[in-house]
1. Between beta-carbons, use under 9 Å as the cut-off and find the net charge around PHE188, counting Lys and Arg +1, Asp and Glu -1.
2. How far apart, in nm, are the 7 Å Cα→Cβ label points at ASP276 and GLU238?
3. Hey, which of these cross-link pairs are over 18 Å Cα-Cα: LYS51/LYS116; LYS133/LYS246; LYS127/LYS181; LYS246/LYS301?
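Throughout, read-outs are computed from the coordinates displayed, never taken from laboratory work. Nothing here was measured: the structure is a model prediction, and the numbers come from that model. Backbone-built Cβ (ideal geometry, glycine too); neighbour counts: all protein chains shown.
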Amino acid sequence: MSVDPLQFKYPHYTPYQYAGNKPVSYIDLDGLEEAKTDSPDQKVQTYFINKDTGQYLGQLKGFEESNSNVDNSNSQNGIVIRAINPSYWEAYKNTNGVYTIGGLTFDIKNESDVLKIDIEKIASDYKTITTPKKITLSSGMEAIEQAQLLVIDPKRLLITSKLMDITNNRYNIAYHDGLMKRDGHAYFQDADGNEFPVIAESHTHENVPLKADQTTGINFEFSQSAIKDFINGPGMSEADQVFVDKYHIPAFAIAMFSGESKGNVYSIVSGQKFTDTKDHVTTLNEILKNPLNFVTNVLFKNH
């Protein structure tokens, strides 16, 4: 652990701010200071992902592109996501994006697709799953978990969001109808049979309040079976650990219960123990305020 090296230059900034709290006009290239993004000559950060699985591949040393040679609609806050065939990536990853063989020159820009990030849809779906829903049972009412998937839409060259059906969800489980695994990777299949590589999953964690059967003035009353069950605490659950180990995608849980943990977001990746996830990685407010920053950080976890 170290002290923020710019704490005295920017005493008015929290160490957790991004781009000087001006994410519309600035980016954060190196985790230190903000950089202006609207100049045509401003270099952008380019990240490469596997077009078939959404897994993060990396960046190319010496590879540069600027706002002037990237469609402005696809360069968002100075960040560009390119999807590439993994076999092509193997050929390019130790170059600066260009190589020559047999007198022919190949450019990675021609071998990869720029993906736009559907920021509005992603933020909207996060608002949807964090708007409490309830089911009525004979013994009372329960809040239910809700989930969404961050996916690649290959036809529209888009990173977007898919809401999961909540029909059969309960206070301690969110189902993922349409989620499947093939060749070790997760895909979502919609009702029309279209497949979308899955980058990550997010869901809410609902709480069973102590003495819920005696409490008034809360949003929901819980059934007796729920009251007798475990109480969600900060961090991911054992079920979350099983989920990520099965599908090999990162998962995020948004704490919806009252108290100082409310709104905190926790994460787990394949191979990680759920007992090691008690510290939150971001908050719901931060995701809604800057979904682009959240998506790029999610990409780094999917490798």
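1. -1
2. So the label points at ASP276 and GLU238 sit 1.9 nm apart.
3. Going by Cα-Cα distance, LYS133/LYS246; LYS127/LYS181 fall outside the 18 Å limit.
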